[in-house]
Amino acid sequence: MAEKGHLFSSIFFLTLLHILHFSSPKLEVSTPPPLPILPLPSFSQLKWQQREVIMFLHFGPNTFTDSEWGTGAESPALFNPTSLNAAQWAATAAAAGISLMVLTAKHHDGFCLWPSKYTTHSVVRSPWKDGRGDVVKEFVTAAAAHGVDVGLYLSPWDRHDRRYSHDLPYNEYYLAQLQELLNKYGNVREIWFDGAKGQNAPNMSYYFSDWFAMVKELQSSINIFSDAGPDVRWVGNEKGFAGTPCWSTINRTLLAIGAEGISEYLNKGDPKGTHWVPPECDVSIRKGWFWHKSESPKSLNELLKIYYNSVGRNCVLLVNVPPNSTGLIAQEDADTLKQFKAAIDTIFTTNLAHNCSVKASSQRGGKEGGFGPENVLDSDHLWTYWAPVEADADAAREHWIEIRSQQNQALRFNVIRIQEAIGLGQRIRRHEIYLDGKKIVDESSVGYKRLHRIKTGVVSGYVVRVRITEFRAVPLISSLGLHLDPFWHPTGL
């Protein structure tokens, strides 16, 4: 009997295990994402890219002399802003939706907006606050109070300091001032270098490698801007226009900061580039970089054109808004920035594709793989995305994704937005867009954001198809949008 009981218990236990195994929920195994394609952006570069529009503040002796490039011989007594209010600068930026401001701590004239202990050519010799003022300190304090990050520009070209043209002494002086700025004023998100220099300037070798190494030692999360990066590159002009195509990748070994003949390469980037160095488009809201009483801000239509050709071409727009001789941003400039933000909000807050159905040529991992076309309509424009099946040697090398109107209602739009999942690299070389089977866009790269204003104006239809015809690796689209821009009126229509 004992043996029979033991046998019965064993059979019962095995039966119970069998029931539990087949009645328990099945575990789903997720499809892994595709491999990235190098090079990739850093965390700081991704955050910078998402800012889209940032602000430059050119301020110094030139503000008081009606000049653009000072001589270096200006008396510090000229610098006397009677109503300087950095809180007004920060409030202006915040009201315009701008999250980063870059201040000219020292321009080419060599005058320092902080009390540097390595020179007397600074605010300490000015009548402003009896020589006890510190513009940089007021700037960073005001920015923090308004939730705005800060950047600083320290001109390599110094027309005042006698050490300039003597390589070792001047590089030591410059590096000492970099250490002052990056040690005394908290977190700096961007440091701005350029190779600007007058034709008659003395020969001078800048120790950029030493400077960059020191910057990263003092603030590892900072982005360094220069012609060739290492983190952010110049777009090659001061009009605010990027090229087409516009790649975030370049080969830094081909470039020298300040060298001539590199503008086109910087403007378009390099699909075979070995470094991730995305472009920044710098342009002034006025004709000049410093404030001049005779100048007025650009019109809203001009700023929108710049936006489409900078942010809309995979760049960040750095718009210069210079304080005037009282130390305030002119009200007309502040109002123009507000109008600019309001216009962008009007255009892009509503995505006309949100109520549409979406389908694609294929999707990685099938319907449950997590890479379906519906991802292009969510609120994450970076880490959720549509991924098609990677084409093998025998498959057609083309992918498409399609937005289709519901309930037989036509879609009316004049802007198409496409965004790549750049966290896994920039991939798309060429794409086309069709409306009800008719081609309306034939363009090259995409990147973080590509905006197409339809050349003919508002179009109407039911099916929008994006065809990816050339790519470095399987394309990953994080977001698609159809928008109506009421400010876009093509000439002749």
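The values are calculated or read from the model by the stated rules, or taken from the named source; none is laboratory data. This structure is a prediction, so every number in the text was calculated from the model and none was measured. So basically every Cβ, Gly included, is an ideal-geometry build from the backbone, and we count neighbours across all protein chains shown. Heads up: the accessible areas ignore ligands, DNA and RNA and are worked out on the full protein's heavy atoms, side chains in. Shrake-Rupley method; radii C 1.70, N 1.55, O 1.52, S 1.80 Å.
Tell me, please, whether a residue that is surrounded by fewer than 18 Cβ atoms within 10 Å (Cβ to Cβ), at pLDDT 95 or above and either small (Gly, Ala, Ser) or out of contact with any Ser or Thr (no Cβ under 8 Å at 6 or more places or on another chain) (or both) can be found in segment 98-114.
Of the residues in segment 98-114, the ones surrounded by fewer than 18 Cβ atoms within 10 Å (Cβ to Cβ) are none.
Looking for residues that are surrounded by fewer than 18 Cβ atoms within 10 Å (Cβ to Cβ), at pLDDT 95 or above and either small (Gly, Ala, Ser) or out of contact with any Ser or Thr (no Cβ under 8 Å at 6 or more places or on another chain) (or both), one finds none in segment 98-114, hence no.
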Does any residue of segment 319-326 turn out to be in a strand (DSSP E or B), surrounded by fewer than 23 Cβ atoms within 10 Å (Cβ to Cβ) and within 17 Å of the chain's Cα centre (by Cα)?
yes
(1) assigned to a loop (DSSP other than H, G, I, E, B); (2) free of Cβ contacts under 8 Å to residues at least 40 places away in the same chain all hold for His108 apart from (2)
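Taking segment 224-257, which residues are outside any loop (DSSP other than H, G, I, E, B) and farther than 16 Å from Val319 by Cα? Spell out the reasoning first.
The first filter runs over segment 224-257 and keeps only residues outside any loop (DSSP other than H, G, I, E, B), leaving 224-226, 232-234, 249-250, 252-254.
Within segment 224-257, Ile224, Ser226, Thr249, Ile250, Arg252, Thr253, Leu254 qualify.
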Output for Cβ contacts, cut-off 8 Å, separation at least six or different chains, first residue part of a helix (DSSP H, G or I) in segment 262-287, second of a type in the set (D, E, K, R) and modelled with pLDDT of 95 or more, reads Leu266/Arg233
Between a residue in segment 131-143 that is acidic (Asp, Glu) and any residue that is not in a helix (DSSP H, G or I), which pairs come within a Cβ distance under 8 Å, given they are 6 or more apart or on different chains?
Asp134/Leu113; Asp134/Trp114; Asp134/Pro115; Glu138/Leu84
With criteria (1) open to solvent by less than 10 Å² (accessible area, probe 1.4 Å); (2) in a loop (DSSP other than H, G, I, E, B), Leu304 comes up short on (2)
Can you tell which of Asp158, Asp231 is of a type in the set (Asp, Glu) and touching a helix residue (DSSP H, G or I) at 6+ places or on another chain (Cβ under 7 Å)?
Asp231
So is Thr336 polar (S, T, N, Q), in a helix (DSSP H, G or I) and crowded, with 21+ Cβ neighbours inside 10 Å or not?
yes
Quick one: in segment 64-97, of everything that is within 23 Å of Trp48 (Cα to Cα) and either part of a loop (DSSP other than H, G, I, E, B) or among the basic types (Lys, Arg) (or both), which residue is most open to solvent (accessible area, probe 1.4 Å)?
Gly97
Which ranges mark the strands (runs of 3 or more DSSP E) fully within segment 379-493 that have 1 or more residues being modelled with pLDDT of 95 or more and buried (at least 20 other Cβ atoms within 10 Å of the Cβ)?
399-404, 411-413, 415-420, 428-435, 450-453, 463-471, 477-483
Per the list (1) modelled with pLDDT of 95 or more; (2) open to solvent by 30 Å² or more (accessible area, probe 1.4 Å); (3) out of contact with any Leu (no Cβ under 8 Å at 6 or more places or on another chain), residue check on Lys367 breaks on (1)
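Step by step: first the residues of segment 425-457, then only those that are hydrophobic (A, V, I, L, M, F, W, C) and under 28 Å from the mean Cα position of the chain (by Cα), then the one that is nearest to Trp247 (Cα to Cα). Which residue is that?
We begin by selecting, within segment 425-457, every residue hydrophobic (A, V, I, L, M, F, W, C); these are 428, 433, 435, 440-441, 446, 451, 454.
Remaining after also requiring under 28 Å from the mean Cα position of the chain (by Cα): 428, 433, 440-441, 446, 451, 454.
Working: Ile428: 10, Ile433: 20, Ile440: 23, Val441: 19, Val446: 8, Leu451: 15, Ile454: 22 Å.
Step by step, filter segment 425-457, then rank; the result is Val446.
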